[in-house]
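A.B. asks: Starting off with a structure, shown below.
The values are calculated or read from the model by the stated rules, or taken from the named source; none is laboratory data. Computed from a predicted model, the values in this text were never measured in an experiment. Glycine gets a Cβ as well: all are built from the backbone with ideal geometry, and neighbour counts include every protein chain shown. Ligands, DNA and RNA are stripped out before the accessible areas are found, and what is left, the full protein with its side chains, is counted by its heavy atoms. Shrake-Rupley method; radii C 1.70, N 1.55, O 1.52, S 1.80 Å.
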Amino acid sequence: MSGPGVRHEAEQGALSHRAVLAIAVPVMLSNVSTPLIGIVDTAIVGHDPNPAYIGAVAVGGLIFSFVFWAFGFLRMGTTGLTAQALGAGDGGEVAAWLGRALLIAMAAGAVLILLQWPIREAAFTLLGASPQVERLTRGYFDVRIWAAPATLANFALLGWFIGLGRTGIGLALQLVLNLTNTALDMTFVLGLGWDVRGVALGTTLAEYTAAVVGVLIAVRHLRSRDGRWSLRSVLAPARLRRAFTVNGDIMIRSLALMTVFVWFTSQSARNGDVVLAANSVLMQFIGACAFFLDGLAFAAEALVGRAVGGAHRVGFTTAARMTTLWAAVVAVLLALVLGLCGPLFIDIMTVDAAARATARLYLMWAVAAPLLGVWAFQLDGIFIGATRTADMRNAMLASLAVFLAAWWLLLPLGNTGLWTAFYVHYLARTLSLLYYYPGLVRSVAAPA
């Protein structure tokens, strides 16, 4: 779909809109997977009139988003490093980066399972949910933690295929995950009445199904290109040091970002189950928008990574400009859809009258989110493709500090103040990355 032709166009600075969309559209569709899991889970338990079920799935999902996306470097780092190896024409390293990512995924997943008790207790100490929501969420956690190795392997696989520009494969894997999750959730919850534990089990089994399919496709892809994994190459000390440096920076950045979302949900919970349910529904909408926008950011990762690997500044600037243009177009479309269809989406997500009314009251905050957040998402993609991860780490830590300061100052405004602080964090992310952007451009080799 996007092999040597796209690479050549990026290097020459003549990247076409068609080439950008050839990468971005499948990624946008596949990225809907993550929010769709939450949306499906929420919609299924939302058919119970008790808002505590929605709150439990929201809090449980937030915990795992925080825990798993602390290892989001397995997706982001693998994309940038693979794209750069591809741009440099190093086929051996293209294969080795997947091997390294999968080894890290398996080891990290096993550690998370072993540490499940302290992780669970720390999470519930920080989150101020009601007793009923906490009881239900504990049941959700105890099941879904066993998905850790599969979830992290799926991050690695998706990152590798995006780095190769084989986004159609990424889409196929996400469809496997989505459809399996939906079918199992409906069976366990609506069919067998297993409430939030059934939701967690369905998601866990879906993650393992997608991981197995992904590994089989990767092995077949390597064989078709006469590629193979070499343990010596995978464990090369210099490459491992680079992997740990890049991944460590992204891990810190991801933890800081997820702290914003955990803090937002925690403060929502302290305002009562109805506000928690309403904010959770709206955050599902924002999550869906973010993953659509990340489709263009992922395209930037692949194209920028190839340009950096091939030392082509013109290709870099062209990829950054064109993917950002399309991201802005998508952001406007998403805001229009949410503005027009938001009330209907809210009614689909919950049957609770109070939660519906509260979600409608704050709907415009969700509508405006893609218009402000798009710039931060796009800059993230550019910096990941160039593996300028130290800059990303520093920018996100600064943005977290700004968010917390804004939240504290706006406490008297209640839920409105919380949403305002969330928007301030978007602005801080954009401005802090723009501060580092000139240095990034200078780091890419100028045309001879």
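A.B. asks: What helices (runs of 4 or more DSSP H), lying completely within region 336-440, carry at least 3 residues that are closer than 27 Å to F73 by Cβ and out of contact with any strand residue (DSSP E or B) (no Cβ under 7 Å at 6 or more places or on another chain)?
C.D. replies: On the way: elements: 353-361, 363-385, 389-409.
Of the helices (runs of 4 or more DSSP H) lying wholly inside region 336-440, those with at least 3 residues that are closer than 27 Å to F73 by Cβ and out of contact with any strand residue (DSSP E or B) (no Cβ under 7 Å at 6 or more places or on another chain) span 363-385, 389-409.
A.B. asks: Sticking with this structure for a sec: How many of the residues in region 16-38 are modelled with pLDDT under 70 and open to solvent by 10 Å² or more (accessible area, probe 1.4 Å)? Break it down stepwise before answering.
C.D. replies: As a first pass, look at region 16-38 and keep what is modelled with pLDDT under 70: 31-38.
With the extra rule that they be open to solvent by 10 Å² or more (accessible area, probe 1.4 Å), the set shrinks to 32, 34, 36-38.
Residues in region 16-38 being modelled with pLDDT under 70 and open to solvent by 10 Å² or more (accessible area, probe 1.4 Å): 5 in total.
A.B. asks: Looking only at region 120-171, which residues are among the β-branched types (V, I, T) and either open to solvent by 10 Å² or more (accessible area, probe 1.4 Å) or more than 21 Å from H221 (Cβ to Cβ) (or both)? Steps first, answer last, please.
C.D. replies: Of the residues in region 120-171, the ones among the β-branched types (V, I, T) are 125, 133, 137, 143, 145, 151, 162, 167, 169.
Those that are among the β-branched types (V, I, T) and either open to solvent by 10 Å² or more (accessible area, probe 1.4 Å) or more than 21 Å from H221 (Cβ to Cβ) (or both): T125, V133, T137, V143, I145, T151, I169.
A.B. asks: Determine, yes or no, whether L333 is surrounded by fewer than 23 Cβ atoms within 10 Å (Cβ to Cβ), of a type in the set (A, V, I, L, M, F, W, C) and part of a helix (DSSP H, G or I). Spell out how you get there, then give the answer.
C.D. replies: Details: surrounded by fewer than 23 Cβ atoms within 10 Å (Cβ to Cβ): yes; of a type in the set (A, V, I, L, M, F, W, C): yes; part of a helix (DSSP H, G or I): yes.
The answer is yes for L333.
A.B. asks: Failed condition for R388, given (1) farther than 22 Å from D273 by Cα; (2) open to solvent by less than 10 Å² (accessible area, probe 1.4 Å); (3) of a type outside the set (A, V, I, L, M, F, W, C), with all others met?
C.D. replies: All conditions pass for R388, except number (2).
A.B. asks: Right, next: Here is a check on your reading of the model: is R241 modelled with pLDDT of 85 or more, among the basic types (K, R) and part of a helix (DSSP H, G or I)?
C.D. replies: Details: modelled with pLDDT of 85 or more: yes; among the basic types (K, R): yes; part of a helix (DSSP H, G or I): yes.
Yes: the conditions hold for R241.
A.B. asks: Is at least one residue of region 246-258 over 30 Å from V441 (Cβ atoms) and open to solvent by 20 Å² or more (accessible area, probe 1.4 Å)?
C.D. replies: In the first step, residues of region 246-258 are kept if they are over 30 Å from V441 (Cβ atoms); the result is none.
Taking every residue of region 246-258 in turn, none turns out to be over 30 Å from V441 (Cβ atoms) and open to solvent by 20 Å² or more (accessible area, probe 1.4 Å).
A.B. asks: In region 98-109, which residue that is small (G, A, S) and open to solvent by less than 50 Å² (accessible area, probe 1.4 Å) is farthest from D142 (Cα to Cα)?
C.D. replies: Filtering region 98-109 for residues small (G, A, S) gives 99, 101, 105, 107-109.
Subsequent filtering for residues that are open to solvent by less than 50 Å² (accessible area, probe 1.4 Å) retains 99, 101, 105, 108-109.
Numbers: G99: 29, A101: 26, A105: 20, A108: 18, G109: 15 Å.
Out of the qualifying residues, it is G99.
A.B. asks: Something else about it: Being modelled with pLDDT of 90 or more, among the aliphatic types (A, V, I, L, M) and over 15 Å from V260 (Cβ atoms) narrows it down to one of A357, A428, A390, so name that one. Break it down stepwise before answering.
C.D. replies: Working: A357 fails: modelled with pLDDT of 90 or more; A428 fails: over 15 Å from V260 (Cβ atoms).
Going through A357, A428, A390 in turn, just one is modelled with pLDDT of 90 or more, among the aliphatic types (A, V, I, L, M) and over 15 Å from V260 (Cβ atoms): A390.
A.B. asks: While we're here: Every residue in region 295-319 that is surrounded by fewer than 24 Cβ atoms within 10 Å (Cβ to Cβ) and out of contact with any Pro (no Cβ under 8 Å at 6 or more places or on another chain), please.
C.D. replies: Of everything in region 295-319, those that are surrounded by fewer than 24 Cβ atoms within 10 Å (Cβ to Cβ) and out of contact with any Pro (no Cβ under 8 Å at 6 or more places or on another chain) turn out to be G310, A311, T317, T318.
A.B. asks: Quick check on this structure: which one of F124, F66 is closer than 20 Å to D380 by Cα, modelled with pLDDT under 85 and aromatic (F, W, Y)?
C.D. replies: On the way: F124 fails: closer than 20 Å to D380 by Cα.
The conditions single out F66.
A.B. asks: Exactly one condition in (1) of a type in the set (S, T, Y); (2) more than 27 Å from T389 (Cα to Cα); (3) touching a residue at least 60 places away in the same chain (Cβ under 8 Å); (4) open to solvent by 50 Å² or more (accessible area, probe 1.4 Å) is false for S224; which is it?
C.D. replies: Of (1) of a type in the set (S, T, Y); (2) more than 27 Å from T389 (Cα to Cα); (3) touching a residue at least 60 places away in the same chain (Cβ under 8 Å); (4) open to solvent by 50 Å² or more (accessible area, probe 1.4 Å), only one is false for S224: (3).
A.B. asks: Checking E207 against (1) crowded, with 21+ Cβ neighbours inside 10 Å; (2) touching a Pro at 6+ places or on another chain (Cβ under 7 Å), which test does it fail?
C.D. replies: In the conditions (1) crowded, with 21+ Cβ neighbours inside 10 Å; (2) touching a Pro at 6+ places or on another chain (Cβ under 7 Å), E207 misses (2) alone.
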